[in-house]
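Structure first, commentary second.
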């Protein structure tokens, strides 16, 4: 039987996102070759309605307009968006865009 390989990524929750997760970072174990939307789906399942209402829409597979994800310091829009494939040891930052006060 072929066992699915697993990998770990580190997710950092910055600014408003942290208020929905109640933690600033965690390591999440995923199957190999998953993309950002699959990670976000898993986080949405863990944190529920507030996360899906405010940060990420699992039905549309997209971040809400006021939030952004960075993978190893690069904005997801400069990569393949939520289709960006993740690798072992990646650092993912979920944060709200800076808004004027």
Restricting to segment 45-55, count the residues that are touching a strand residue (DSSP E or B) at 6+ places or on another chain (Cβ under 7 Å) and surrounded by fewer than 17 Cβ atoms within 10 Å (Cβ to Cβ). 0
Among (1) touching a helix residue (DSSP H, G or I) at 6+ places or on another chain (Cβ under 9 Å); (2) at pLDDT below 95, residue 98 falls short only on (1)
Among 65, 37, the single one that is at pLDDT below 95 and either surrounded by 12 or more Cβ atoms within 10 Å (Cβ to Cβ) or assigned to a loop (DSSP other than H, G, I, E, B) (or both) is 65
Among the residues of segment 1-29, which ones are part of a strand (DSSP E or B), touching a residue at least 60 places away in the same chain (Cβ under 8 Å) and surrounded by 14 or more Cβ atoms within 10 Å (Cβ to Cβ)? 7, 9, 11, 12, 13
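The values are calculated or read from the model by the stated rules, or taken from the named source; none is laboratory data. Quantities reported herein were computed from a predicted structural model and do not represent experimental measurements. Virtual Cβ from ideal backbone geometry, glycine too; neighbours counted across all protein chains shown.
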